Structure formats: structure tokens, C-alpha cells
1. Under the 0.36 nm per residue contour assumption, what length would be gained going from the current alpha-carbon distance of Gln123 and Thr54 to full extension?
2. Given the Cα-Cα distance of Arg177 and Lys231 and 0.36 nm per residue of separation, how much length would full extension add, in nm?
3. Ranked by Cβ crowding within 10 angstrom, fewest neighbours first, how are Phe83, Phe60, Phe160 ordered?
4. In whole angstrom, how far apart do the alpha carbon centroids of region 155-176 and region 105-132 sit?
5. Take each of the peptides 131-138, 180-187, average the number of other beta-carbon atoms within 10 Å over its residues, and list them starting from the highest.
6. If I take R0 = 22 Å and measure r between the Cβ atoms of Lys138 and Lys161 in this structure, what FRET efficiency does the formula 1/(1 + (r/R0)^6) give, to the nearest 0.05?
7. Taking R0 as 51 Å, what's the FRET efficiency between Lys79 and Ser169 from their Cβ-Cβ distance, rounded to 0.05?
8. Could you list Tyr144, Tyr162 in order of exposure, starting from the residue whose Cβ has the fewest other Cβ atoms within 10 Å?
Amino acid sequence: MPRVKASPKKCIKSNLQQPTNSWVFLLKGEALELSEQYTGTGTPDIVTLRHPNTGESAVFLFSPANNSVQEILTYNEAKRSWFIDETVKSDGKMHLSTPIDPIFLVLPYLRKYCSSQAIPLDQLLRDEEFPETERLLKSSGLKYLNMIADRKGDEELNAFKYNEEKTLSWLKKKTERVAEILKQKNIHVGSGAVSATFVKSSKSESSDSDSHLRYAHGIVSEYLMDDLSQKLLKYLNLPDDPQFNLKRKSTNPLSPNEAKKTKIEEENKSSTSNVLDLSKPEPKSAKSAAASAKDKARAKAASGSKTISSFFKKT
């Protein structure tokens, strides 16, 4: 039988369009499975709150009943995309959620407004710039707010006054707990990227403990303002060490205009520092003078010789 030529395959284009506001989001399976049992029905809400370290906008995830909150971290790498079903999402970001103690989110408000007086919690957590802050009132973690503040009045009033001694004691326990986890996970916290498998025992157990505690302080300081981080460092009896400074952003004491002006001046200074000024004669050094003497000697020795190209000329 004669062969039948196969018909060419058609290129089929899908009409499915990826929503512009879609995210690639990783959430612990346990949180999804237990959401209806412990946090009510519905879906979690993603909102923006004031970050306790920088005071700037940050993204958080609340459970449907608002009694638990998680921080959303974003992993972003250039030239990365996602293949979802029959579509390609050009935004290759990956979002991760991790639980956060809501007391860290309330702490900046307590320090700012409740240092000298007690304020009801429902009034304290009213932020016009971040109205979703009121969701923290239903968080189950705030039942431990007396760990960092003193309750004034009855439970119905729910007023608190900031207590720094309590706060430092609470932060110390948090830091020690993080340090203990670092030890259990056998995470190397020394200088250099050395695998923990090849790290010998430390010089002393106390120095190893201090290293983990210092590293844990840097992790906890991710959610503290700079001044409170320094107070915690002294409370832990640890000297300051830039090597373990894990702060996300450093505060700029200059205003935006002054910072911009300073940056431009530094760029201009660095760009012109290596430019040769041709309007001025370049000073001759002893090394350049010795080099010119050798060049003169070579020229004098080669004055009676022919160039190599002269041997290949047509006669």
C-alpha cells in the first residue's frame, strides 16, 4: 500500500489568560487543613501593616477569623517565570508565609503612645495609614500582652501601659529560644560559609553559646527598632559585633533631599577621582625618567640597523 503522508500538526494557542493579580504562594499544608477547625471558615486575607522594624508597609496574612497572623516573605530572582497549566506567568516571584508573634506588631505602638500613660487597646491600634491594624485585636496571641505591658483598669477597659523591663525580659527569652533552635539544627553561625559537618568543636562551650545567642539576637532584631535592639544587646551582656548584624535596612539620618545630594556628590567624586587632568603637566617621576633613558639607549643602538620589513621588499 502506498504510504500516506501525515498531515502537519497544527499549532494550537490557548485563549486562557493568567489573571494579572495572581501570585505563586507557598503556605504550610497544616495551616490550610486546620483553618476551618481553628480559624473559622472562608479564605485568609492578605493585608498591609506597618513593619515593626522599619515602620514601612509590609504584607501579612490573616486567618479568616483574624485570630492568627503570618508574615509574607517574597523570593524574587531576575529572569524567572512560572508555567501554570497552559499559561506562562512572567512574574517569577515566590511568596512564602511564616507565623509571626502579633506582639511584635503591637510593640511599636505601645512604645510610642503608652510609655507615660495607659491607653485602651482598641484605641491604640487605630492607624489611619494602615487601617487593617485593627485586625490584631482578635489575634489570640495578644492574650500574652501582659508580658511586655502593665494592664490598667478592668478587662473590659483593656488598657495597657508599656513596661520596658518586662519587654527586655520577654525578648531575652525569645532570643534564647531562637539560639537553642540554632543549636538543635546544628546551624553554623561563625564567620565564613563553612559546612557544619566539617566544623570542629568550639574553643569553649561558652563561646559557642555566645555565638548562637548573638546570631539569634540579629534574627529577633529583624522585628525591633534600632534603639530597642541595642538595649536588648546590652541586656544580654553581649558586645556589639557588626558581623552578626542581620538588620534588613539601616536607618538614614538624612532627609531624602540631603541623602540624594550626598549620593550625587559621592558618585561625582568617585567618577572624577581617576580622571587624568590634561590641562596640567604630569609630574615626571624617577621611574619614568629611568625608562626614558633606556629608550634613548635602544634608539642609539638601533640607529645603523635595518628594519625587518626591508628584507621582504621586491628587488
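1. Going from the current span to full extension adds 22.6 nm.
2. That pair, Arg177 and Lys231, stretches by 17.6 nm at full extension.
3. Fewest-to-most Cβ neighbours within 10 Å comes out as Phe83, Phe60, Phe160.
4. 14
5. The densest-packed peptide leads the list: 131-138, 180-187.
6. 0.50
7. 0.60
8. Ordered from fewest to most neighbouring Cβ atoms within 10 Å, Tyr144, Tyr162 come out as Tyr144, Tyr162.
Each reported figure results from applying straightforward, stated rules to the coordinates on display, with no laboratory input. Computed from a prediction, not measured in an experiment: that's the story for all the values here. Reconstructed Cβ throughout: ideal geometry from the backbone, glycine too, with neighbour counts over all protein chains shown.
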